[in-house]
Amino acid sequence: MLNETKELLKGFYQLDDEIFELSEGVMDDIKDRFEEIKRVREYNQYKVLKAMQKAHLSDNHFNWTTGYGYNDLGREKIEEIYSEVFGAEDALVRPIIVNGTHALTLCLQGIVRPGDEILSVTGKPYDTLEGVIGIREEKGSLKEFGVTYNQVDFLEDGNVDLEGIKEK
């Protein structure tokens, strides 16, 4: 920290030298971690830039669209870039998917049909999915649409119950 900054902080907050020594000691203890974060950040920055270059991202991809999503070059380009960065076959990048539960809900609603059963092989799902599946009664759940749910809990030792899965 610059001496001018230290003196300014001392005056503003009546801090003594012991506080600054403690702070500098902590910063020294964690400097290797910050260097590692810096290396990862730099690697990922170039990885994203390379993906943008490979996708030929240009100012045209930032133009206004109709809002209906038809021939939205910008959206298609950002999905191309995401799939390259994450090494995926394809990507779906939409600001209207607001969280993980929302994404899983969309996926489940897209693949299960009335009469299907969802089988969780690692115990009960997290709480926000309970209403989506119908474990907890909620309007619009998959249960309301004829999808059933079953689960296989973990073994007492924390391992997956392979025999229980086979039985279900």
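Here, each number is a calculation from the coordinates, and none is a lab measurement. Model, not experiment: these values are computed from the prediction. Methodologically, a virtual Cβ is constructed for each residue, glycine included, from the backbone with ideal geometry; neighbour enumeration extends over all protein chains shown.
How large is the helix-only mean residue ellipticity at 222 nm for the chain, computed as the sum of -39500 (n - 2.57) over DSSP H runs with n ≥ 4, divided by its residue count, in deg cm²/dmol to the nearest 500?
On the way: 7 runs with 86 residues, N = 168.
Calculated mean residue ellipticity at 222 nm is -16000 deg cm²/dmol.
Roughly what angle does helix 17-29 make with the longest principal axis of the chain, taking Cα atoms, 0 to 90 degrees, to the nearest 10? The helix 17-29 is inclined about 50 degrees to the chain. With distances taken between every two different alpha-carbon atoms, the chain has a Kirkwood hydrodynamic radius of 21.9 Å.
Against the chain, whose longest principal axis comes from its Cα atoms, helix 100-111 is set at around 30 degrees. Taken along the Cα-to-beta-carbon direction at a fixed 7 Å, the label points for ASN3 and GLN53 span 4.4 nm. Taking amide H positions as modeled 1.01 Å from N, with prolines and chain starts lacking one, the residues under 5 Å from ASP161 and 5 or more places away or on another chain are LEU155.
For an R0 of 30 angstrom, estimate the FRET efficiency from the Cβ-Cβ distance between VAL40 and PHE154 and round to the nearest 0.05. Given R0 = 30 Å and the Cβ-Cβ separation, E is 0.40. Using only Cα atoms and rounding to the nearest 10 degrees, what angle (0 to 90) does helix 3-13 make with the longest principal axis of the chain? Tilt of helix 3-13: around 70 degrees. Look at the alpha carbon pairs under 8 Å that are at least 6 residues apart: their mean separation over the length of the chain gives a relative contact order of 13 percent. Among the GluC sites (Glu not before Pro) in segment 105-168, those placed in a DSSP loop whose Cβ has at most 10 other Cβ atoms within 10 Å are GLU137, GLU156.
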